[in-house]
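Take a look at the structure below.
The values are calculated or read from the model by the stated rules, or taken from the named source; none is laboratory data. Bear in mind that the values here come from a model prediction, so they are computed numbers and not experimental data. Cβ placement follows ideal geometry from the backbone for every residue including glycine, while neighbour counts extend to all protein chains displayed. Note: areas computed on protein heavy atoms with side chains; ligands, DNA, RNA excluded. Shrake-Rupley method; radii C 1.70, N 1.55, O 1.52, S 1.80 Å.
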Amino acid sequence: MQLLLLVAPSVAFVLTSQLTAVRPVRSGRQAIEAKAYDGQVVLIGVAADSGCGKSTFMRRLTGIFGGENVGPLGGGFDNGGWETNTLVSDQVTVICLDDYHLNDREGRKVTKRTALDLAENDFDTMYEQLKALKNGETINKVIYNHVNGTLDAPEEITPTPIVIVEGLHPMADERVRDLLDFSLYLDITDDVKFAWKIQRDMIERGHSLESIQASIEARKPDFDAFVAPQREFADVTIQVLPTALIPDDKEGKILRVRFIQKDEKQNYDATYLFDEGSTIEWTPCGKKLTCSYPGIKFAYGPDTFMGNEVTVVEMDGKFDNLQELIYVESHLSNTGTKYYGELTSNMVKMGDSPGSDNGTGFFQTLASLKIREFYENITGNKVEVDAPATVAA
């Protein structure tokens with residue numbers, strides 16, 4: 001509470017202090033819990049705007065690391081616990097950085113700032129608590145309640161081998177950024193965001209085109225100022241753009257996705273297609289890969305991104321049959337897989353999740369495998385994986 005006392009406006013501080021004064025710290029030891037861990041803690045940061053696929057990526061990533069009892073800390077509100085943003089398993093803890101908002105929803109009405117503004121986030125506490133977790137220490141972290149916009153009583157977090165922090169600003173503060181062992185940015189371009197929001201808010205919820213446009217434009221200045229610059233610091237960026245296979249496409253159902261890997265990242269060998277260091281375009285449609293209109297196109301080669309030298313693998317189009325993805329997988333190298341077809345198997349496993357038929361799911365799965373490989377490289381620990389008896393050919 002000392003840090004909040006120094007920097008928070010009085011309204012927000014009063015709300016927070018009352019909540020923490022009348023309710024004890026919540027302990028995850030009641031139901032699904034993160035067990036204490038005394039080894040090396042690897043800290044991973046994932047940055048993205050809201051509605052950009054962080055939740056789906058978290059499911060893919062935690063699934064790659066395995067572990068039992070995956071679920072919300074304490075079991076979640078529907079299972080006798082509390083409203084929590086924290087996901088835990090035996091191996092992984094996922095912390096939502098919204099929990100480090102400086103003010104609650106009412107407090108932001110007073111300051112007239114959005115949650116994207118760096119001034120509305122408590123980076124001092126974020127740094128101290130993430131540093132403590134990385135040192136193997138238990139923390140008591142306030143919860144931002146997305147249902148009613150309040151800052152709720154703290155919950156107890158014990159470190160696991162992998163701690164993932166996801167949200168708007170994991171790389172915005174230099175101190176926090178320096179704590180991260182690996183960082184990833186989910187970069188959804190404006191055209192795709194607009195197409196997705198029209199699909200959700202206009203077609204499904206009946207909102208007007210004008211209201212959707214106004215909502216996007218109101219949020220854009222703060223996003224461009226406070227969130228987007230973090231792309232410069234990401235070790236991997238998954239960039240989602242409109243397809244180049246259909247001229248002037250506005251629907252956003254076919255996507256061009258780029259897997260952008262920063263060169264010279266220690267303990268990380270970039271994934272490549274066919275021949276390492278070459279520049280390649282590949283249309284795999286044919287006898288071994290079914291492709292409906294407008295087809296599928298892959299590309300690979302060196303590039304520059306946000307002032308950094310990078311290696312890029314790109315996919316444009318969508319898969320008709322996920323089982324056939326193993327044909328593409330067999331032409332990729334340095335994927336971080338532990339058995340032939342593991343990337344394909346994980347795609348099939350989450351076949352009903354958003355993006356599983358296009359490059360968003362494909363590269364989220366690839367990123368998960370590469371992060372697992374990175375974890376093994378820097379810790380010397382091995383993640384056990386049970387290979388299936390048979391894999392699609």
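Okay, here's what the table says:
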| quantity | calculated |
| --- | --- |
| Whichever lysines have a C-alpha closer than 24 Å to that of K250, once near sequence neighbours (fewer than 8 apart) are set aside | K54, K193, K197, K220, K297, K318 |
| Cα radius of gyration and Dmax for region 162-261 (Å) | 15.7, 44 |
| Environment charge at L116 (Cβ cut-off 9 Å; Lys +1, Arg +1, Asp -1, Glu -1) | -2 |
| Carbon plus sulfur fraction of accessible area for region 64-184, probe 1.4 Å, in percent | 44 percent |
| √(5λ) per eigenvalue of the Cα gyration tensor, region 303-393, largest first, Å | 22, 20, 11 |
| In sequence order, calculated HN-Hα J values of region 227-241 (Karplus, 6.51, -1.76, 1.60; Hz; x Gly/Pro) | 10, 4, x, 5, 4, 4, 9, 6, 6, 9, 10, 9, 9, 10, 10 |
| Nitroxide proxy distance, nm - points 7 Å out along Cα→Cβ at S50 and E384 | 4.1 nm |
| Low-density loop cleavage sites - GluC sites (Glu not before Pro) in region 200-258, where at most 15 other Cβ are within 10 Å (DSSP) | E251 |
| Amide H partners (placed H, <5 Å) of S183, local residues excluded | G45, D235, V236 |
| For region 185-339, diffusion coefficient by Stokes-Einstein and Kirkwood Rh (Cα), 20 °C, 1.002 mPa s, µm²/s | 123 µm²/s |
| Region 78-118, accessible area per residue, ligands and nucleic acids excluded (1.4 Å, Å²) | 40 Å² |
| Restricting region 196-248 to trypsin sites (Lys or Arg not before Pro) in coil, as DSSP defines it, with at most 16 other Cβ within 10 Å | R205 |
| Residue-span extension gain [E106 to S333] - 0.36 nm each, minus C-alpha spacing | 76.7 nm |
| Simple spin-label estimate for E174 and S211 in nanometres, 7 Å along Cα-Cβ | 4.4 nm |
| Theoretical FRET efficiency, 1/(1+(r/R0)^6), r = Cβ-Cβ of K287 and A119, R0 56 Å, to 0.05 | 0.45 |
| Under 25 Å from the Cα of K382 - lysines, other chains or at least 8 residues apart | K35, K131, K134, K262, K265, K338, K349, K370 |
| Å² of accessible area per residue within region 324-388, as computed with a 1.4 Å probe and no ligands counted | 37 Å² |
| Rounded accessible area per residue of region 148-292, 1.4 Å, Å² | 47 Å² |
| Percent accessible area from carbon and sulfur atoms, region 246-393, protein chains only, probe 1.4 Å | 43 percent |
